[in-house]
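Everything below concerns the one structure shown next.
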Amino acid sequence: MKEIAENILERISLEKEGQVFIRPEYTAAKINNSDFISIKKIHSNQQLIFVDGGNAEIFHTPNISLYFNRLYYTLYKNNKRIKGKILEFNSLITTISKSNDLFFQVELFPAKEGISLPKLRFSISDNTLTSNNRPADISRVGDVVRRLAELRLAQTIKEEAIIILDGSLEPKYTYEEEFIDNLSRSKNIICGLSKTSALLTLSGDSLIGLLYKISPKQSWLYKIAESADSYMFCVKLNENSKHIFRLDVASKDISKVGETVSLLSENSKDPIFPGYPYGLIEADKFARVSNREAERLKTQLQLSFGKDYNKIIPYLNAGNAHSILDTIS
């Protein structure tokens, strides 16, 4: 094990500069220790709105999946919380046959105050959902629906504000690029803050690890890439933070970035997690669906089947043997 540890330590000490390995539509910056920009405090009455979502699968068979989804956004002004709002809905995903192919079709059922999405249909061979050339698992669609709902919620917000979503603005799934494009045309500045990042340099180093090695102690902003209509930064939002985050900004205008990171820095002073905006901590807390809540919803659904529940059991048994073994263990 010592040999392995020495190998790892050798690997993370390789370089002091590099260039981001990223999709071709971005122009990547060369990373060096002279391009860090200190975050300066800028007085602003601009509002911040933080958006996040949570979900839990409460029914699963190979051909049917039911998710309970919760969206939350919270509004801050002058670094004070003004209000928060919860939206909830269920998403029913079913398998249908069309033109000699199989698709996952999505239907929404609002629980409290829902959110509308266009008709969504995913091929079972959709390469954004599959791995190892195997058909997609129906459960993957539920997480995509939650993500699309987060983007749609951000688009429908009426208040004038800087909107910060949890996660990047780099599309990964079918429909997501269209949703992000629509969102970027909003009158508001749209940002995505990623808690984790797997970005690499061209030589294979961790971008975040490299920046941490060469960065100054104070809070800072570093532009790592840009495309025709967006910018990608890394940020350290508090001088006491041990974390560096990726910040995407969907805008052709870079002039508002200084104000944006200044406001985010002011919101990132909570001693529990210095350097991470408290608005996103709050949004995560209130959007999260706990295991206990998911079990309660599963029980409610089972009771709703009544005596017809026996008809469902063979479908459930097609995929629950692992959970039975986990219970035995």
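Which whole-number percentage describes the relative contact order of the stretch 1-109, with Cα contacts under 8 Å and a sequence gap of 6 or more?
Taking the mean separation of contacting Cα pairs over the length of the stretch 1-109, I get 15 percent.
Below 8 Å between Cα atoms, with a sequence gap of 6+, how large is the relative contact order for the chain in percent?
The normalised contact order for the chain reaches 21 percent.
Using the alpha-carbon centroid of each, what span in Å lies between the stretch 160-207 and the stretch 54-111?
Going from one Cα centre to the other spans 20 Å.
List every residue whose amide H lies under 5 Å from the amide H of residue 52, counting only residues 5 or more places away in sequence or on a different chain, with H placed 1.01 Å from N in the peptide plane.
Amide H neighbours of residue 52, under 5 Å, 5+ apart: 72.
Hey, in the GNM for the chain with a 10 angstrom Cα cutoff, which one of 11, 185, 81 fluctuates hardest?
11
Calculate, in nm to one decimal, what residue 328 and residue 316 gain on full extension: separation in residues at 0.36 nm each, minus their alpha carbon distance.
Between residue 328 and residue 316, full extension yields 2.5 nm more.
If each DSSP helix of 4+ residues adds -39,500 (n - 2.57) and the sum is divided by the residues in the chain, what number results at 222 nm, nearest 500 deg cm²/dmol? All intermediate terms of the calculation are to be shown ahead of the outcome.
On the way: 9 runs with 97 residues, N = 329.
About -9000 deg cm²/dmol.
What is the distance in Å between the Cα centres of the stretch 208-239 and the stretch 258-298?
21 Å
GNM on the chain, C-alpha springs below 10 Å: top fluctuator among 284, 52, 137?
137
Take the chain, connect every pair of alpha-carbon atoms lying under 10 Å apart with a spring to form a Gaussian network, then pick out the residue of 29, 225, 154 with the largest mean-square fluctuation.
29
Using the Kyte-Doolittle scale, which helices in the chain average at least 1.0 and also have C-alpha atoms spread 27 Å or more along the helix axis, with helices defined as whole DSSP H runs? Display every interim value, and only then the final one.
Details: long enough: 138-156 (28 Å, 0.09).
Both cut-offs are met by no helix.
For residue 97 and residue 143, what is the calculated FRET efficiency with R₀ set at 25 Å and r taken between the beta-carbons, to the nearest 0.05?
0.60
Order these by the 10 Å Cβ neighbour count, fewest first: 224, 254, 244. If you can, show how the numbers build up before the last one.
Details: 224 24, 254 12, 244 21.
With the fewest neighbours first, 224, 254, 244 line up as 254, 244, 224.
Using 0.36 nm times the number of residues separating residue 45 and residue 185, minus their current alpha carbon distance, what extension gain do you get?
Full-extension gain reported as 48.2 nm.
What is the gain in length, in nm to one decimal, between residue 240 and residue 121 on full extension, counting 0.36 nm per residue of separation less the C-alpha to C-alpha distance?
Length gained, residue 240 through residue 121: 38.3 nm.
Using the basic label-point model (7 angstrom from Cα toward the beta carbon), what is the residue 160 to residue 217 distance in nanometres?
About 4.1 nm, to one decimal.
If each residue's Cβ is checked for other Cβ atoms within 10 Å, how do 299, 95, 174 rank with the fewest at the top?
Neighbour counts put them in this order, fewest first: 299, 95, 174.
Would you mind checking 195/242; 40/236; 40/252; 83/242 for any pair whose Cα atoms are more than 19 angstrom apart?
Cα-Cα > 19 Å for 40/252; 83/242; rest within.
Where a number appears in this text, it was derived from the coordinates with a stated rule and is not lab data. Owing to the predicted nature of the structure, the values given are computational and were not obtained by experimental measurement. Using ideal geometry, Cβ is built from the backbone for each residue, glycine included, and neighbour counts are taken over all protein chains shown.
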